[in-house]
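Worksheet: the structure to be examined is printed underneath.
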Amino acid sequence: MEKSTIEAEKKYPLWPAFIHSKCPRCRRGPMFGNKMYGFHGQTMLKTCNHCGLTYEIETGYFYVAMLLSYAMNVAEMATVAVALSVLSGSNNPWLYCGVILLFAFILSPFNFRYSRVILLYWLTPGLHYHPELSEDNPEGQQAQ
């Protein structure tokens, strides 16, 4: 096999790692300790258990994710309002308030998780994928 083909096989693809909330540096370790929807709140891990990346780069780092989550929420609410208007044709403001708030409540765990994932994947300068960190660690040790 060619060297480029071997290197390409070692790389982990972006979109599956993004969708499954994997570490942006190695794309192997999980970012969250539990499922998105459940009876327990979401728990973000402090570090990647594969490459050792500290997710909260500095104190208050994820405040930016709140703004991103807000933008996602506004876009979702506008989409639901337009879809409800087209599908129902109703002018009842209580229908709109009820359905929009229901969708906002249902999508809040999604917004929490993916606002942080988007922040780490695309909005953090200097944080890039390193294929060499994706390799299996001998004896289960973290890379530094």
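The values are calculated or read from the model by the stated rules, or taken from the named source; none is laboratory data. In this text, all values refer to a predicted model and were calculated from it rather than measured experimentally. No Cβ is skipped: glycine too gets one built from the backbone with ideal geometry, and neighbour counts run over all protein chains shown.
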| task | Among what's in region 1-44 and is among the basic types (Lys, Arg) and outside any loop (DSSP other than H, G, I, E, B), pick the residue that is modelled with the highest pLDDT. | result | 22
| said: List the residue pairs whose Cβ atoms are under 9 Å apart, where the first residue sits in region 75-88 and is more than 23 Å from residue 115 (Cα to Cα) and surrounded by 15 or more Cβ atoms within 10 Å (Cβ to Cβ), the second is at pLDDT below 95 and polar (S, T, N, Q), and the two are 6 or more positions apart or on different chains. | reply: 84/90
| message | I'm trying to understand the selection: among the residues of region 21-53, which are within 21 Å of residue 105 (Cα to Cα), of a type in the set (A, V, I, L, M) and surrounded by 15 or more Cβ atoms within 10 Å (Cβ to Cβ)? | response | 44
| request: Name, by its number, the condition in (1) in contact with a helix residue (DSSP H, G or I) (Cβ under 8 Å, 6 or more places away or on another chain); (2) among the hydrophobic types (A, V, I, L, M, F, W, C); (3) closer than 30 Å to residue 39 by Cβ that does not hold for residue 97. | output: (1)
